[in-house]
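Report on the following structure.
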Amino acid sequence: MKETIIAENELNELVQKINVTNFKLDDFVMNRNVRIYDFCRPDRFTGYSNALSNIHDTLARSWTNVFFNYTQKIEAHFYCKSIDDASYEVFVRSFPQGSIFLVTQGVLDSAVLPRSFVIAMDSCFLIEQSVIDDISKSLLDEYAKAWCLYGMNLEFILKSIETHPQKIIVDSPEEVGMWITLEAKINNVEGSVNIFLPYLFFKPLLQYLPKILGGKESNRNLNQKESVMDNRFESKIETGLDNVKVQVVTELGRTVKTLKEIKDVKEGSMMLMNAYSGEPVDIFVNNVLFGKGEVIVIDECFGVRFTEVIGQDHEQQKTAGIKDEQKNV
């Protein structure tokens, strides 16, 4: 079947008819091979281009140093060429046979991010697998440091190194993510290193990045979820993060002692804490103060009853303020 290009007026007609109940594509196509795209797909990355450019400009300089410091055998230069959005399907199909793909897991504040991301190196560089194995950790460490420009506590962990892109599944084929291209010259061979960040990897990081719209920085995205996110993507993130285990510690009190006093401690010794009997105890989640409570006994085990959740009232007030602001817009 011959593939036919749709004229602009036909495309506009198609978009309008998609919103009509009982619209049948067959009536419009008329035996032409037409590929369907999601024309209503929201642009979720608007306003973040400056921050992403800063991150990947820093990365380009860092990776240049990583290759140079690798026994000074490899001469390399990188610079950030472009940042764009694209589907994962388009990204994967863009690389020739023999390209090397680094599949990487991100960890933010000890919580595993919902999606892995991919770094693709052109096959033209002819870099040996052993070299990639040796420097991959340094490359990922420098990438994590580049994101730390915006106060993130990120760690990147290499999951696997692949040479067959069809074996790599980090996102649904049609889902849009960020495609970053770093132009590179390695041992006088010119090519590129490409990074694909799935949206579900990227979304938890948005709260740290400044959003600039119309030349002005917007902070509204720091305190509210993007309205373009539908329930399908929200539920994926929440489901993934809900399964992350965190450590909960109840602290009765603290004190400071000298090493000599610690050495003198024996069985039966008593040590005075800085908390008084009957005072609320502190409850920490992953070493962050989460709330206060009182110690109780539950079925012969110690437990804690929450009397305060830190920051909850403040968050509720901010949420209410945002809703009022949206009503007035």
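Bear in mind that the values in this text are calculations on the coordinates, not laboratory data. On a predicted model such as this, the values are computed, not experimentally measured, just so you know. All Cβ positions, glycine included, derive from the backbone under ideal geometry; neighbour counts span all protein chains shown.
Using a basic spin-label model with each label point 7 Å from the Cα along Cα→Cβ, how many nm lie between Thr258 and Lys167?
About 6.3 nm, to one decimal.
Going by the alpha-carbon gyration tensor, a ≥ b ≥ c the square roots of its eigenvalues, is the range 55-107 rounded (a/c under 1.5) or, if a/c is not under 1.5, prolate (a/b greater than b/c) versus oblate?
Values: a/c = 1.94, a/b = 1.57, b/c = 1.23.
Prolate shape, in that a/c is at least 1.5 and a/b is the bigger ratio.
Once Lys and Arg get +1 and Asp and Glu get -1 on their Cβ, which of Val112, Ser136, Leu149 lies farthest toward the positive end of the dipole of the range 91-153?
Result: Val112, furthest along the dipole toward the positive end.
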